[in-house]
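Every number here is computed from the coordinates shown, using simple stated rules; none is lab data. As the structure is a computational prediction, the values presented were derived from the model and not from experiment.
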Amino acid sequence: MSHLLSVHDPRGYPPKVSGKHLAPRLDGLDGKVLFLVDCLFDNSEVFMNQLRDWFRQHLPAVTIRLIKPRESWVDDPEMRARVAAEGDAAILGVGL
């Protein structure tokens with residue numbers, strides 16, 4: 001049995017979206033700096049710590065740096081600049 005479902009955006013207008021290219025893939029992570037970005041969601045700090053521990057155990061040649069924005073849901077240009085200047089890659093953690 002199939003049902004038709006309607007979903008309405010409470011904002012009234014669809015957001016304008018412009019596509020962006022993905023960052024180029026690295027050949028490998030050995031010798032690279034990987035930022036784990038805790039996006040301040042519930043339990044994301046726990047997840048980022050577990051992920052850091054996994055990298056330490058399985059890929060010890062990767063330098064892991066944990067970082068957080070100043071507040072949730074607000075762009076942090078200084079944090080982004082630090083990741084871009086000092087890092088080779090980043091993983092954003094949004095919690096469980």
Which of these, Glu45, Glu86, Glu71, has the largest mean-square fluctuation under a Gaussian network model of the chain (Cα springs below 10 Å)? Glu71
Defining a contact as two alpha carbons under 8 Å apart and six or more residues distant in sequence, what relative contact order in percent does the chain show? 39 percent
Amide H of Cys39 versus every other amide H placed in the peptide plane: which residues, excluding those fewer than 5 positions away on the same chain, fall under 5 Å? Gly93
Run down the aspartates and glutamates and flag those whose C-alpha is under 16 Å from the C-alpha of Lys32, throwing out any fewer than 8 positions away in its chain. Glu86, Asp88
Rg and Dmax [Cα atoms of segment 1-90; Å; Rg one decimal, Dmax integer]: 18.2, 55
Rounded tilt (10° steps) of 77-86 against the dominant C-alpha axis of the chain: 40 degrees
Kindly provide the helix-only [θ] at 222 nm of the chain, computed as the sum of -39,500 (n - 2.57) over DSSP H runs of four or more divided by all residues, to the nearest 500 deg cm²/dmol? -8000 deg cm²/dmol
